[in-house]
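Quick notes on the structure that follows.
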Amino acid sequence: IILPAAILGYYSVAYISRMSRSFMLEQLSQEYIITARAKGLGARTTLYIIMLVTVIVAPLGLLIGTVSGYFGGIVDEILMRVT
């Protein structure tokens, strides 16, 4: 029972990390990031405070979608056993 959970978790982590990276790179070219850097905000401050708060939203949605997909499969499996 541990191996299937590990495989499903590995796929989810890989997908979410890949999407988080692409969303983070997309956010680097946004105007509010460029403006914050131009006003003198440091690169590390920009990365940690502004971007991470913005980037948390995308993986959270992906995580919710992934978990609901797993539970949808469980519900489908239960319904197939009942009928």
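The values are calculated or read from the model by the stated rules, or taken from the named source; none is laboratory data. Fair warning: this is a prediction, and the values are worked out from it, not measured in the lab. Just the protein is used for accessible areas: all its heavy atoms, side chains included, with ligands, DNA and RNA removed. Shrake-Rupley method; radii C 1.70, N 1.55, O 1.52, S 1.80 Å.
A few comments on the model shown:
- Accessible area in square angstrom per residue, the chain, 1.4 angstrom probe: 79 Å²
- Adding -39500 (n - 2.57) for every DSSP H run of four residues or longer, then dividing by how many residues the chain holds, sets the calculated 222 nm ellipticity at -25500 deg cm²/dmol.
- Carbon and sulfur %, accessible surface of the chain computed with the full protein complex present, 1.4 Å: 72 percent
- Top of 14, 38, 58 by mean-square fluctuation, Gaussian network on the chain, Cα under 10 Å: 38
- Kirkwood analysis of the chain, using all unique Cα-Cα pairs, places the hydrodynamic radius at 15.3 Å.
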